[in-house]
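In what follows, a single structure is set out as C-alpha cells and then discussed.
FYI, it's all coordinate maths here, none of it is from the lab. Keep in mind that what you see is a predicted model, and the values were worked out from it rather than measured. Backbone-built Cβ (ideal geometry, glycine too); neighbour counts: all protein chains shown.
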Amino acid sequence: METAGANLNNPGGNASRERYQAALEPLRPGFQADGMDIVIGSINLPAVEVRVLMGPNACEECLLPPETLEKFFLAAIRHVDAGVERVEVTIDRSAAGDVGNQP
C-alpha cells in the first residue's frame, strides 16, 4: 500500500508510474504534434512530477505556461489516483533525442 510521502522511484512504484503515465496518454498526441512529449518524472506523494520533453524542432510558442499545464496534468492524474495533491512541471530542453521514444 502506498502512503503519502512515499518515494516511488523504486521497483515497487512501477505500477503507480504506469498508471500515471497512462493517465497522460490522451494528452500526448497534442504535445507530440508540437515536437514535445510528456512523461512521469519523480513521484513523491502527494506530488508527482511531469516532465515536458522538448524536441529539437519543438514549438516553444505552443507550450502553455507551467502553471496551466499543472492543472491539466493534475486533473488527468487524479482520475487514477485522487490522493495526488500537486503536479510539478519540469520543462526539459535537453531531451531532444528522446521525444517520441517514450513509452
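Quick notes
- Sites Ala47 and Glu25, calculated FRET efficiency, Cβ-Cβ separation with R0 22 Å, nearest 0.05: 0.60
- Here region 16-33 is scanned for amide nitrogen atoms under 15 Å from the site 7 Å beyond the Cα of Val80 along Cα-to-Cβ, giving 16-29.
- Region 11-98 - charge dipole about Cα centre, Lys and Arg +1 at Cβ, Asp and Glu -1, debye rounded to 20: 240
- In order through region 68-82: 3J(HN,Hα) via Karplus (6.51 cos²θ - 1.76 cosθ + 1.60), integer Hz, x for Gly, Pro: 6, 4, 4, 5, 4, 5, 4, 4, 5, 5, 5, 5, 10, 7, 5
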